[in-house]
Amino acid sequence: MAHHCNRLLAALSSADLALLEPEPVILERRFVFETPNKSVDNIYFMESGVASVVAVNGRGERIEVGLIGCEGMSGVTVVMGNHRSPHSTYMQIAGEARVISAAALRKALAKSTSLQTLLLHFAQVFMTQCAQTAVANGRAKLDERLARWILMAHDRIADDEVPLTHEFLSVMLGVRRASVTVALDGFKKRNLIDARRGGITVLNRKAIEKIAGGFYGVPETEYQRLIG
């Protein structure tokens, strides 16, 4: 069985993987996976890069509710038996993935209980991530929320250099770009990160984890419990 960088694909049995046969694809920054209330046609198992799931309200205001990287997949709504999502999903950090049509995934799910179980486990993990984002947005200070998002992005990048733009962070945190700049400057002065135009470098992850506190770690623990 071929090695897969995507952790879900790597966890599948050879029989379940044969049901999927996903094809490799390169994903540029801003590539759109899902548009609000439009049919989901393809499912992407991320191998590198980071995708952003963004909630949009009736006034067009946006805030990020989740991240997907090499641990996961797009199209959770299809796994749960639906064909569309109210959210927008697109690449924030360019990378690579394996792609399968939504129709082909539905056929594979109908043939394998073990495949259903694994992908539903990921759906539960992602729902936990979204719930913890709501907790952080409602209860955490800006520094705590920034630390959490830096850690989550860092988890999904095989490097300490994370190309998080101020625009991306402002959507992630639901604040103005000016507030992002002030928060990043605070982290930089404490030698936690090195901030530059177009990205940051993580210098002291342990200290960032301490700042995030209990606002980071619940979805990650749930992933280990359900998927490994």
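When the stretch 179-228 is filtered for residues that are closer than 30 Å to S114 by Cα, without any contact (Cβ under 8 Å) to a residue 60 or more places away in the chain and of a type in the set (V, I, T), only T221 remains. Going through (1) free of Cβ contacts under 8 Å to residues at least 40 places away in the same chain; (2) over 25 Å from G72 (Cβ atoms) one by one, L142 falls short only on (1). Among the residues of the stretch 23-41, at least one is crowded, with 18+ Cβ neighbours inside 10 Å, among the charged types (D, E, K, R) and assigned by TED's automatic domain parsing to the domain that holds F126.
Let's see how each residue does on (1) surrounded by 19 or more Cβ atoms within 10 Å (Cβ to Cβ); (2) in the same structural domain as R62 (by TED's automatic domain parsing); (3) not charged (D, E, K, R):
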site	(1), (2), (3)
I157	yes, no, yes
E161	no, no, no
S170	yes, no, yes
G174	no, no, yes
R177	no, no, no
G186	no, no, yes
D194	no, no, no
R197	no, no, no
T201	no, no, yes
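Being under 19 Å from S52 (Cα atoms), in contact with a strand residue (DSSP E or B) (Cβ under 9 Å, 6 or more places away or on another chain), among the charged types (D, E, K, R) and crowded, with 21+ Cβ neighbours inside 10 Å holds for only one residue in R148, R98, and it is R98.
The values are calculated or read from the model by the stated rules, or taken from the named source; none is laboratory data. Quantities reported herein were computed from a predicted structural model and do not represent experimental measurements. When we count neighbours, we look across all protein chains shown, and the Cβ atoms used for this are built from the backbone with ideal geometry, even at glycine.
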